[in-house]
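Enquirer: Dumping the structure here so I can ask a few things about it.
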Amino acid sequence: MYQDVSLGQSSERFTRNEDCCLSVRVAQDPDEHARNLTGWKQQYDQLSRGQFLGSLTELRLDKTQIFKETTSHTIRQSCVIPKNSVWFGIPKSGGDSFIGRNRITDDMIALRPDGDEFKLLTPDSFEILGVVVEKDVLVRYAREMEQVELDPALAQGEVLRIGIKYKDDLCRFMLQVLAESQRNTALHLHAASRNALRDALLTRLLGLFSQQVKPYSMPTLNINHYRVVAGIRDYIIANRDHAITVPDLCRQFCVSRRTLQYCFQEVLGMPPAAYLRTIRLNGARRDLRNTASCHATVQDIAAAWGFWHLSQFASDYKDLFGELPSASLRARSL
């Protein structure tokens, strides 16, 4: 048996949205638990004694799957991930685990492109976070954002040593995403917030390969930092009603994230992400104070402007404008 845990009044909206679905399920049978993970072909064999209990929190977001899985007993898993995908498995607690013959130590994650079946051995009281991304999306993102070729790094093995600190940071981020997805229902309804969340995730995944990737051959450009920033400012002004992101700028201007960083630091004294966040905060403020706006709540306005973490949005907004978003919204009626 499994139980779909109610997410309140917005649960039906999640189900109807083809681009996004959030589910929380509990199972008392290992194989039924294995079947709860969307798109995977799995078989779980329970190796330790006692009544099994497993839980799965899964967020399917456009072409990305994020999940947290807990299992109560030692399990031998046979797994096949969805086609044309890459799986990142981040054990969070529960002792030693193995993928094939490789032990996943505290400073490692598991990594598996699609293909043949693979085996996992997980201990009692185990918790793992997982991300599945379409391979084409990840490879294209690496080329556009960092101008690196990712295919060789993906083929290097089933485990990737990333360091305890980076692993902990990645775990915190993913748990934050899953928690915010349950609290902030507007996140799933606006393409801007979904895109911002996807970009934040892809950036972190790409950072896992910082020591493995090699430069990707791109046409050499004679870049004038001031000219780049001026062109970007014109582009942002012309699209001021859209939640422009750093990946959007990389694609539009054919430059890497690193090049954008150099340009903005030299010309404006701030990173491009901070500049874009300021522009989006100003756009959100206009919507909050505009009586003609079609958005009626802080949550909805934040998501429409690409802010997927509501409390962080409120904190950044107050830092910039000296008041909370709710205060700006109340000003509509004054």
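Enquirer: Quick check: the angle from helix 257-267's long axis to the longest principal axis of the chain, C-alpha only, nearest 10 degrees?
Expert: The answer is roughly 30 degrees.
Enquirer: Also: Please order 295, 33 by the number of other Cβ within 10 Å, starting at the fewest.
Expert: So the residues, fewest neighbours to most, are 295, 33.
Enquirer: Rounded to the nearest 10 degrees, what's the angle between the helix 272-289 long axis and the longest principal axis of the chain, both from Cα atoms, 0 to 90?
Expert: Computed tilt is about 70 degrees.
Enquirer: To continue, here is another question. Quickly estimate the mean residue ellipticity at 222 nm for the chain, helices only: each DSSP H run with n ≥ 4 gives -39500 (n - 2.57), and the total goes over all residues, rounded to 500.
Expert: -12500 deg cm²/dmol
Enquirer: Length gain on complete extension for the stretch residue 140 to residue 323, per 0.36 nm per residue less the alpha carbon to alpha carbon distance?
Expert: Stretched out fully, the residue 140 to residue 323 stretch lengthens by 61.9 nm.
Enquirer: Tilt of helix 164-183 relative to the longest C-alpha principal axis of the chain, in degrees (0 to 90, nearest 10)?
Expert: 80
Enquirer: For the stretch 2-196, just list the percent of Cα-Cα distances falling in each 5 Å bin from zero outward, please.
Expert: Pair shares across the bins are 1, 7, 15, 19, 21, 17, 11, 6, 2, 0, 0.
Enquirer: Let me ask something additional. Which whole-number percent gives the relative contact order of the stretch 2-196, counting Cα pairs below 8 Å spaced six or more residues apart?
Expert: 20
Enquirer: Now a separate question. Using alpha-carbon positions, what is the distance between the centroids of the stretch 73-91 and the stretch 244-301, in Å?
Expert: 36
Enquirer: Can you check how the C-alpha radius of gyration of the stretch 219-333 compares to 2.2 N^0.38 Å, as a plain ratio?
Expert: Against the empirical 2.2 N^0.38 Å value, I get 1.17 for the stretch 219-333.
Enquirer: Of the GluC sites (Glu not before Pro) in the stretch 23-121, which ones lie in a loop per DSSP and count no more than 13 other C-beta atoms within 10 Å?
Expert: Loop-located and lightly packed - 117.
Enquirer: If you take the alpha carbon radius of gyration of the chain and divide it by 2.2 N^0.38 Å, what ratio comes out, to two decimals?
Expert: Normalised by 2.2 N^0.38 Å, the Cα Rg of the chain equals 1.08.
The numbers here are math on the coordinates, done by the rules we state, and not lab data. Quick caveat: nothing in here was measured; it's all calculated off a predicted structure. Because the Cβ atoms are built from the backbone with ideal geometry, glycine has one as well, and the counts that use them run over all protein chains shown.
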